[in-house]
Amino acid sequence: MQRLRSLSLVRRSLQSQSHNHYSSISALRYNHSQIRHFQDEVLVEGRAFSRAAILNRPSKLNAITTSMAGRLQRLYESWEDNSQIGFVTMKGSGRAFCSGADMVTIYHLLQEGDDAACKEFFRTLYQFIYLLGTYLKPNLTILDGITMGGGAGIAVPGMFRIATDKTVFATPEVQIGFHPDAGASFYLSRLPGYLGEFLALTGERLNGAELVACGLATHFSLNAKLAWIEERLGQLMTDDPSVISESLAQYGDLVYIDKNSVLHKIDRIDKYFCHDTVEEIVDALKSGESHDELCSTALKKLKEASPLSLKITLQSIREGRFQPLDQCLAREYRTSSHCMSKQVSGDFCEGIRARLVDKDFTPKWDTSLEAVTKDMVDFYFAPLPTSEPELNLPTVLREPFM
């Protein structure tokens, strides 16, 4: 607790100037009713010795915005400083935990030429994810319903991650000309074998039981039991992770993996996705297509994705395997910024248009897989121009231990 207080004091001193700067901007940009609206998008539930943040955009599947990420950051910082709060929880309202970033808003901002607002979103989101990955108190996430993209990014760093029979997990960013971000290159690269590459390149979905089996979730519960779990958590007067874990286990359910689950196909996934290049992965899948349904399904997904995104994503996962969380987030921020610049390709905007705006589901990618060069891919990993700041994370104050 003394370490926590000391950290908070130093952090507040170093960040006060930055907070004052953004507070001034917010005061100028938003009126009182808008601020109230932003607060309503992340609700707070007070409990005896804990707090819960509730993502509250159910009509948008709780897609996260800049204001939501910023509010979550402020809430979690204040809760970490508060000695009367032992642990924190995050959950979603409606049928989703969080479907990821609000890509439709990002698309319209890019069409208007407001790249700065888009970069502010990714910077704010990634900073919050780093806070979660270095949090000093037990933090829980309830992955009930759709948990995709950036939604997975804010879920996975939780000390306790509760999946349910309603959970649908995926990282489908290559389908919109983007890359699995928000820490995905960190957590996907640490999955068994080459499962991370498979999930990142195909966007394959996992259910709640599969999340527990592969380690992305720590507990499983039927959706019908969540009210009991939350009632029990609300009664706890502790910051001891073992006590919280025991309480979760009391209401947990056994995990049974369906016989058709991709997790039963790990050996074959490793065989096909272990190769160094996307082209070699495609060739391996083609060689098994005639006798392995996994191959035909994966090939179909790869053909639908942006060829450039596939190559960027494979390199990102491979680099992430040897990097801590802060380096993964910093690299992902570079890649995201380069995607928005359109200097090499406009696939990002085209993918959002086709999948989420016009919904014609026929994106016109800028190039074929064979035409994507090493120089094109390397551009997305290069440092940002000197006029643009890199992602600044407080690594001296908050060493990642996730």
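The values are calculated or read from the model by the stated rules, or taken from the named source; none is laboratory data. All values derive from a computational prediction rather than experimental measurement. Here the Cβ is made from the backbone with ideal geometry for all residues, glycine too, and neighbour counts use every protein chain on show. SASA here: full protein model, heavy atoms, side chains in, ligands and nucleic acids out. Shrake-Rupley method; radii C 1.70, N 1.55, O 1.52, S 1.80 Å.
Descriptive notes on the structure:
- Residue in region 380-394 that is under 27 Å from K300 (Cα atoms), touching a Phe, Trp or Tyr at 6+ places or on another chain (Cβ under 7 Å) and either modelled with pLDDT of 95 or more or not in a helix (DSSP H, G or I) (or both) present: no
- Residues being surrounded by fewer than 17 Cβ atoms within 10 Å (Cβ to Cβ) and of a type in the set (G, A, S) - total across region 248-273: 2
- Pairs are defined by a Cβ separation below 7 Å, a sequence spacing of at least 6 or placement on different chains, a first member in region 97-115 that is touching a residue at least 12 places away in the same chain (Cβ under 8 Å) and under 16 Å from V174 (Cα atoms), and a second member that is part of a loop (DSSP other than H, G, I, E, B) and open to solvent by 30 Å² or more (accessible area, probe 1.4 Å); the pairs so defined are S99/L61.
- Identity of the residue in region 239-273, under 25 Å from the mean Cα position of the chain (by Cα) and outside any helix (DSSP H, G or I), that ends up nearest to I142 (Cα to Cα): G252
- The set of residues in region 253-276 being under 19 Å from G203 (Cβ atoms), among the β-branched types (V, I, T) and out of contact with any strand residue (DSSP E or B) (no Cβ under 8 Å at 6 or more places or on another chain) consists of I266, I269.
- Just one of the listed residues (A96, A155, A69) is of a type in the set (G, A, S) and within 25 Å of S341 (Cβ to Cβ), and it is A69.
- Residue match in region 308-315 (condition: closer than 23 Å to L369 by Cβ and without any contact (Cβ under 8 Å) to a residue 24 or more places away in the chain): no
- Residue in region 227-238 that is β-branched (V, I, T), part of a helix (DSSP H, G or I), open to solvent by less than 40 Å² (accessible area, probe 1.4 Å) and closer than 20 Å to N260 by Cα present: no
- Criterion (part of a loop (DSSP other than H, G, I, E, B), touching a helix residue (DSSP H, G or I) at 6+ places or on another chain (Cβ under 7 Å) and either touching a residue at least 24 places away in the same chain (Cβ under 8 Å) or of a type outside the set (A, V, I, L, M) (or both)) met by exactly one of A53, A48: A48
- Some residue of region 95-104 being among the β-branched types (V, I, T) and either open to solvent by less than 30 Å² (accessible area, probe 1.4 Å) or under 12 Å from T66 (Cβ atoms) (or both): no
- Residue that is least open to solvent (accessible area, probe 1.4 Å), among those in region 42-74 that are of a type in the set (D, E, K, R) and modelled with pLDDT under 95: R47
- Scan of region 353-380 for residues that are touching a residue at least 24 places away in the same chain (Cβ under 8 Å), surrounded by fewer than 15 Cβ atoms within 10 Å (Cβ to Cβ) and not aliphatic (A, V, I, L, M), ordered by number: S368, E370
- Region 245-264 residues that are more than 30 Å from D292 (Cα to Cα), paired with ones that are open to solvent by 50 Å² or more (accessible area, probe 1.4 Å) (beta carbon under 6 Å, 6 or more apart): S247/R232; Y251/K225; Y251/W228; D253/L222
- The residues in region 101-131 that are in contact with a Gly (Cβ under 7 Å, 6 or more places away or on another chain) and of a type in the set (A, V, I, L, M, F, W, C) can be counted, and the count is 3.
- Test: residue in region 75-90 that is closer than 25 Å to G234 by Cα, free of Cβ contacts under 8 Å to residues at least 40 places away in the same chain, out of contact with any helix residue (DSSP H, G or I) (no Cβ under 7 Å at 6 or more places or on another chain) and open to solvent by less than 30 Å² (accessible area, probe 1.4 Å): yes
- Counted residues, region 190-204 - those being touching a residue at least 60 places away in the same chain (Cβ under 8 Å) and either farther than 21 Å from C328 by Cα or surrounded by 20 or more Cβ atoms within 10 Å (Cβ to Cβ) (or both): 10
- Residue within region 163-171 that is touching a strand residue (DSSP E or B) at 6+ places or on another chain (Cβ under 9 Å), surrounded by 24 or more Cβ atoms within 10 Å (Cβ to Cβ), more than 26 Å from V282 (Cα to Cα) and of a type outside the set (S, T, N, Q) present: yes
- Qualifying residue in region 205-218 (condition: open to solvent by less than 10 Å² (accessible area, probe 1.4 Å), within 30 Å of K311 (Cα to Cα) and not aliphatic (A, V, I, L, M)): yes
- Selected residue [aromatic (F, W, Y) and within 27 Å of F49 (Cβ to Cβ)] from F178, F220: F220
- Any hit, region 99-122, residues being in contact with a Pro (Cβ under 6 Å, 6 or more places away or on another chain), closer than 30 Å to E230 by Cβ and hydrophobic (A, V, I, L, M, F, W, C): no
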